[in-house]
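Visitor: Here you go, one structure.
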Amino acid sequence: MTSAPGNPPVPDAVQAKAEALRQDIERHNFHYYVQDDPLISDQDYDRLLQQLQDLEQQYPELVTLDSPTQRVGPLADTLFTDAPHAVPMLSLDNAFSDDDLRDFDRRVRERLGLEGPMEYACEPKLDGLAVSLLYSNGVLQRAATRGDGTVGEDITANVRTIGSVPLRLRGQQVPPELEVRGEVYMPKAAFETLNRSLAAAGEKTFVNPRNAAAGSLRQKNPRITASRPLQLCCYSATIADSDSNENSALEKSHYKLLGLLKGWGLRINEDVELVQGIDACLDYYQQLHQRRDQLPYEIDGIVYKVNDLAQQQRLGAVSRAPRWAIARKLPAQEVTSRVLAVEFQVGRTGAITPVARLEPAFVGGVTVSNATLHNMDEIRRLDLHVGDQVMIRRAGDVIPQVVKILAEHRPADAQAVIAPRECPVCGSAVDQPEGEVVARCSGGIYCPAQRREANRHYASRKALDIEGLGDKVVQLLVDQGLVKTIAGLYHLTVAELLPLERMAEKSASNLVAAIDASRQPVLHRFIYALGIREVGEATAKALASHFGTLEALMAAGEEQLQQVEDVGPIVAAHVRQFFREPHNQEIIHGLAQAGVQWQAAQRSARAESPLNGKKVVLTGTLSAMTRDEAKEALEALGAKVVGSVSAKTDYLVAGEAAGSKRDKAEKLQVEILDESAFLHLLSQRDGSGD
Ligand code: IVH
């Protein structure tokens, strides 16, 4: 037993139990963070942690610095104090092209006097913050930022809260002194989630994952850092020279060193690859560039490192960068540009969206000259003025965004953006219902912009897919007044089309033929094509198979609409409102008059079944099927199978030898079905009888 003055002695068994729990927790940390393959549920993990916490509370002497319960410590006074680096933290030279990279390879081989291909480790260059972690006898002592490379800032208290940073290293051959370097970053998905919850709480959001990671590490209160989804990924280490160091044989290559780190419980990047020669390096670049948007983390380049550590040593470093490594840059996803104007676009449902016209800028691999500003709230949040320098961002396929303005560069003649009171296209009043961020033109189909968008949507690929009726043609048709509503499309003639720009005899007659061919749409496409607010493809399909005909859908009340899978009160209200609107009824009537015949859809078994939404209890033995089969059949028809009979039960299915449930059902006057009545009900799944 051990004891300290004033504390109860710690029984050996308790000591052993605490140690076993710690090892268990650390093992699970390793599987979760490093192997990416958790062995237990989060709940079970929390239970282990709670057990350890309870023990430590009872016997405070059990608490050690490296206990998994001690990740979030008290406010630390060492936070942000100077942290000198024993080995300087270098940066990397950049390569901007294949040629730059070939030059690098040539220089390396020349210096080493080698003819053949070099072995390189290729690594994603994570876009986060460099950190240095010091471990003594396997226990984390200090975490620091890079700073100027010679002196950084102590961020131990904050880094300790990151789950993937081991407080104690695992395994047998942990060196007595170890410095690990790596990147702290925020995974893309976690960044999105964090921003959503910050926004919901009315707090300031972060512009990108890197800023989110930096902001989270810069917290004075480690508790806040602990709540942020940060990750560590290690990319290098220095093992202090020591006679007892058994690892020297293993650490001949960078790649093997990464393997050692992994074994000690440190997270490394699984996308690192070892290749021979510079051509393979270029292939790696192509490959990773293509995968960039699918990676769970943001990268701003690729790092190539000479794999052999002895060769690294021979190559050495110049000023601030090593000669044995280089970073190949990927196209920037954020660049600066200037706002030339802010224009307001009117969408299909009248929504008015401000759009920034920008000085063309190359970002995320394409030239961008517009960025959406979403709504006036966003303009106010950014404090955006026409003339401002702005940071724009385009990651993956997403629409370019303005992430912030560079306030210090605002020119004297910058203009504030004024929200339009009238629709910029038709002059109708702009409505903005209380509490909504979106402003809308009240012009409906009288607004040419809404008309154009409605027609464009109707003809689009996922809707009626009318060939030859692209954006430009639709614009011309609406501008020339040839088409007002979508019903008008069906009255177009070749003679009317011919005078239009770039419309020859053949294209005009092809277009008329294509419109003609769209006269018998399947119901779900037709519903989608109508352009009802909040009704996308999936909802249109669900509505079509639930109601079977447009007439049934048009007659449905909000309550009935909400019985459709995934249709909630908002969608139901929009659908109802759409069909109640006289001009929409007119359009649908006009379409029918023009010979458009939307086809009835196969109603889903579920929608058709008298069992849909009913609560059913099964009891006794059925001869035609097992209990499980009966349950499955019921559920397929939308019934809910429950265990016990109550006043809310709709049916009791009673097989042979039904007992107390039957008595209860009789008492509560729940309808009782014997096997043949049940089978009959199952067979009524479809009104048409098949
Ligand atoms: S090696 C001497 N490897 O890039 C070698 N750096 O400009 C120095 N970085 O501040 C770093 N991923 O934060 C290396 N796989 C990787 C990296 C990486 C990201 C960052 C690092 C450093 C900067 C170098």
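No lab work stands behind these numbers, since they all come straight from the coordinates. Owing to the predicted nature of the structure, the values given are computational and were not obtained by experimental measurement. Positions of Cβ are backbone-derived with ideal geometry, glycine not excepted, and every protein chain shown enters the neighbour counts.
Visitor: Grab the DSSP H runs of the chain that are 4 residues or longer, score each as -39,500 (n - 2.57), total them, divide by all residues and round the 222 nm result to the nearest 500 deg cm²/dmol.
Guide: -10000 deg cm²/dmol
Visitor: Only loop residues by DSSP count here, and only those with at most 15 other Cβ atoms within 10 Å; note down the trypsin sites (Lys or Arg not before Pro) in segment 576-678 that meet that. Present the calculation step by step, with values, prior to reporting the outcome.
Guide: On the way: sites: R576, R580, R603, R606, K614, K615, R627, K631, K640, K648, K661, R662, K664, K667; in loops: R603, K614, K648.
Qualifying residues, ordered by number: K648.
Visitor: Kindly put H409, H524 in sequence by how many other C-beta atoms sit within 10 Å of each C-beta, fewest to most.
Guide: Least to most surrounded, the residues fall as H409, H524.
Visitor: A follow-up question, please. Expressed as a fraction of 2.2 N^0.38 Å, the rule-of-thumb size for a compact globular protein of N residues, what is the C-alpha radius of gyration of segment 166-218?
Guide: 1.64
Visitor: Taking K484 as the anchor, which lysines have their alpha carbon closer than 30 Å to its alpha carbon, excluding any fewer than eight residues away along the same chain?
Guide: Reachable lysines: K462, K472, K506, K541.
Visitor: Show log10 I(q)/I(0) for segment 573-638 at q = 0.21 Å⁻¹, two decimals, from a solvent-free Debye sum over equal Cα scatterers.
Guide: Once normalised to I(0) and log-transformed, intensities are -0.94.
Visitor: So for V564, V346, V275, fewest C-beta neighbours within 10 Å to most, what's the order?
Guide: Ascending number of Cβ neighbours within 10 Å: V275, V564, V346.
Visitor: Over the alpha-carbon set of segment 87-206, divide Rg by the Kirkwood Rh and report the Rg/Rh ratio to two decimals. Mind showing how you got there, number by number?
Guide: On the way: Rg = 19.3 Å, Rh = 18.0 Å.
Ratio value, two decimals: 1.08.
Visitor: Taking the mean number of other Cβ atoms within 10 Å as a proxy for protection, how do you rank 550-557, 368-375 from highest to lowest?
Guide: Highest to lowest by the protection proxy: 368-375, 550-557.
Visitor: Shape call for segment 440-567 from the C-alpha gyration tensor, a ≥ b ≥ c root eigenvalues: rounded (a/c under 1.5), prolate (a/b greater than b/c) or oblate?
Guide: Judged from the Cα gyration tensor, segment 440-567 comes out prolate (a/c at least 1.5, a/b above b/c).
Visitor: Apply the a/c threshold of 1.5 to the C-alpha gyration tensor of the chain and tell me whether it is rounded, prolate or oblate.
Guide: Numbers: a/c = 2.26, a/b = 1.34, b/c = 1.69.
Note, shape of the chain comes out oblate.
Visitor: Please report M625, M118 as a ranked list, fewest other C-beta atoms within 10 angstrom at the top and most at the bottom.
Guide: Ordered from fewest to most neighbouring Cβ atoms within 10 Å, M625, M118 come out as M625, M118.
Visitor: Moving on to the next point. Give the residue list of GluC sites (Glu not before Pro) in segment 178-226 that are DSSP loop and have at most 12 other beta-carbon atoms within 10 angstrom. Walk me through the numbers before you get to the answer.
Guide: Working: sites: E179, E183, E192, E203; in loops: E203.
Of the GluC sites (Glu not before Pro), the ones in loops of segment 178-226 whose Cβ has at most 12 other Cβ atoms within 10 Å are E203.
Visitor: What base-10 log of the normalised intensity I(q)/I(0) is obtained for segment 580-690 from the Debye formula, alpha carbons as equal point scatterers, at q = 0.13, 0.14, 0.18, 0.22 Å⁻¹?
Guide: At q = 0.13, 0.14, 0.18, 0.22 Å⁻¹ the computed log10 ratios are -0.57, -0.61, -0.85, -1.17.
Visitor: Could you bin all the Cα-Cα distances of segment 511-656 into 10 Å bins starting at 0 and give me the percent of pairs in each, rounded to whole numbers?
Guide: 11, 33, 25, 17, 10, 4, 0
Visitor: Take the Cα radius of gyration of segment 30-148 and divide it by 2.2 N^0.38 Å, with N its residue count; two decimals is plenty. If you can, show how the numbers build up before the last one.
Guide: Details: Rg = 22.2 Å, N = 119, 2.2 N^0.38 = 13.5 Å.
Output field value: 1.64.
Visitor: Another question about this same structure. Could you compute Rg(Cα) / (2.2 N^0.38 Å) for segment 200-344, with N its residue count?
Guide: 1.36
Visitor: Mind listing the long-range amide H neighbours of E177? Cut-off is under 5 Å, sequence gap 5 or more, other chains count too, H placed in the peptide plane at 1.01 Å from N.
Guide: N137, A240
Visitor: Name every cysteine in the chain that ends up alone, with no second cysteine's Cβ under 4.7 Å, or say none.
Guide: C122, C233, C234, C281
Visitor: Tally Lys/Arg at +1 and Asp/Glu at -1 over every other residue whose Cβ is under 14 Å from the Cβ of V522; what's the total? Numbers along the way, then the final one.
Guide: Numbers: positive: K462, R519, R525, K541, R603; negative: D465, E537.
Once all neighbours under 14 Å are counted, the net charge is +3.
Visitor: Could you check the simple spin-label distance between A600 and F362, using points 7 Å along Cα→Cβ, in nm with one decimal?
Guide: If labels sit at A600 and F362, their model points lie 6.1 nm apart.
Visitor: Additional query: Roughly how many Å is it from the Cα centre of segment 111-178 to that of segment 508-524, as a whole number?
Guide: 64 Å
Visitor: In addition: Take the residue pairs K614/K640; K615/K648; K631/K664 and return only those whose Cα atoms are more than 18 Å apart.
Guide: K631/K664
Visitor: Can you pull the semi-axes for segment 495-570, root of five times each eigenvalue of the Cα gyration tensor, sorted largest first, whole Å?
Guide: 36, 12, 10
Visitor: Just the Cα atoms of segment 21-98, one point each, no solvent: what log10 I(q)/I(0) does Debye give at q = 0.13, 0.20, 0.22, 0.27 Å⁻¹?
Guide: -0.66, -0.95, -1.02, -1.23
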